[in-house]
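As structure tokens, the structure follows; a few thoughts come after it.
The values are calculated or read from the model by the stated rules, or taken from the named source; none is laboratory data. Since the model is a prediction, treat every value here as computed from it, not as a measurement. We place every Cβ from the backbone using ideal geometry, glycine too, and count neighbours over all the protein chains shown. Please note that ligands, DNA and RNA were not included when accessible areas were found on the heavy atoms of the full protein model with its side chains. Shrake-Rupley method; radii C 1.70, N 1.55, O 1.52, S 1.80 Å.
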Amino acid sequence: MVVYLVGAGPGDPDLITVKAIKALKKADVVIYDRLANEEILNHAEGAELIYVGKKAGEHYKKQEEINQILIDQGQKHENVVRLKGGDPFVFGRGGEEMLALLEQGIIVEFIPGVTSAIGVPTSAGLPVTHRGVATSLTVVTGHEDPTKPNKQVKWDFKADTIIILMGIGLLKENIGEIMKHKAPETPVCVIENGTMSDQRIITGTLENITEKHINTPALVIVGNVVDVFKEALIKKSEHKKD
């Protein structure tokens, strides 16, 4: 009996790994969340599908309930897939689920996924590092657990590029914190529905990005790499004219 913690990638179903597809094909049960593209579930033909998706302010299942479902299914079936958007260990609470399963003596195997923090900017043509511009990056959650007594994120990052996941609901607060440490004219890019056909890109600065209309799901990239991206867009536009 094995539970596979599987990353589904950043959204586009073509970006799931071959190893993840192999796990889905032999799965007896797939327990999946909101950010896993449902087209991916076609690989799990014949498997029982259990939805445990969550979104801010509207939790379908509490994490403790999800952990119990994983334990129950892991004790009943030979092959269980826990399918999570992006990578299971990048703000996916995969570590919590792993520990809950291991405490019950259930074997856990791990299949990484392309995290949206890197996959989405790359798919759009935005390099999160660039020689002479950015030699470091920080990936941070924009929405901490509200039940924690103290916030862990201090926002005084020294990295050249800051990537914020799950931060649109608190965008004004997060940007306000970053502006305590970075100049208002620092470039910002927001990518909605990254890697998908309805992907939308919004650019601006720390000073004005919160004035723009932004929908979820989206991630935020802060730093001078955004200017590299904008330069690339200009060059592409010039080539099209030629």
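Phi-derived couplings, Karplus 6.51 cos²θ - 1.76 cosθ + 1.60 at θ = phi - 60°, listed residue by residue for region 79-90: 9, 10, 10, 9, 9, 10, x, x, 10, x, 9, 10 Hz, with x used for Gly and Pro.
Lysine pairs in region 88-231 with alpha-carbon atoms under 22 Å apart, 8 or more places apart or on different chains: how many are there? Value for region 88-231: 17.
Per-residue SASA remark: residue 137, around 70 Å² accessible (1.4 Å probe; ligands, DNA and RNA not included).
Ordering 179, 1 from largest to smallest accessible area (1.4 angstrom probe), what's the sequence? Display every interim value, and only then the final one.
Numbers: 179 75, 1 95 Å².
The most accessible residue leads, giving 1, 179.
Please label the shape of region 165-213 as rounded, prolate or oblate, based on the square roots a ≥ b ≥ c of the eigenvalues of the alpha-carbon gyration tensor (a/c under 1.5 means rounded; beyond that, a/b larger than b/c means prolate, else oblate). In terms of gyration-tensor shape, prolate.
For 91, 229, 157, the ranking by accessible surface with the largest value first comes to 91, 157, 229, using a 1.4 Å probe.
Nonpolar atom fraction for region 64-125, defined as the carbon and sulfur part of the 1.4 Å probe accessible area, stands at 55 percent. Label separation (residue 150 vs residue 104): 3.4 nm, computed from points 7 Å beyond Cα along the C-beta direction. Using only Cα atoms, what Kirkwood radius does region 140-242 have, in angstroms? Kirkwood hydrodynamic radius for region 140-242: 14.6 Å. 3J(HN,Hα) couplings calculated from phi for region 7-12 with the Karplus curve 6.51 cos²θ - 1.76 cosθ + 1.60 (θ = phi - 60°) are, in sequence order, x, 8, x, x, x, 4 Hz; Gly and Pro show x. Close amide H pairs (under 5 Å, H built 1.01 Å from N) link residue 205 with 188, residues at least 5 positions away or on another chain.
Here is how the number arises for the chain: DSSP H runs of 4 or more residues each give -39500 (n - 2.57), the sum is divided by the residue count, and the result at 222 nm is -8500 deg cm²/dmol. Once you divide the Cα radius of gyration of region 103-162 by 2.2 N^0.38 Å, the number left is 1.57.
When only alpha carbons of region 1-141 are considered, Rg and Dmax amount to 15.7, 54 Å. Model label points for residue 14 and residue 199, set 7 angstrom from Cα along the Cα-to-Cβ axis, are 1.1 nm apart.
At R0 = 41 Å, how high is the FRET efficiency between residue 215 and residue 25 if r is their beta carbon distance? Nearest 0.05 is fine. Don't skip to the answer; put the middle values down first.
On the way: r = 34 Å, r/R0 = 0.83.
That gives a FRET efficiency of 0.75.
For residue 51, the accessible surface of its heavy atoms amounts to roughly 80 Å² (probe 1.4 Å, protein chains only, rounded to the nearest 10).
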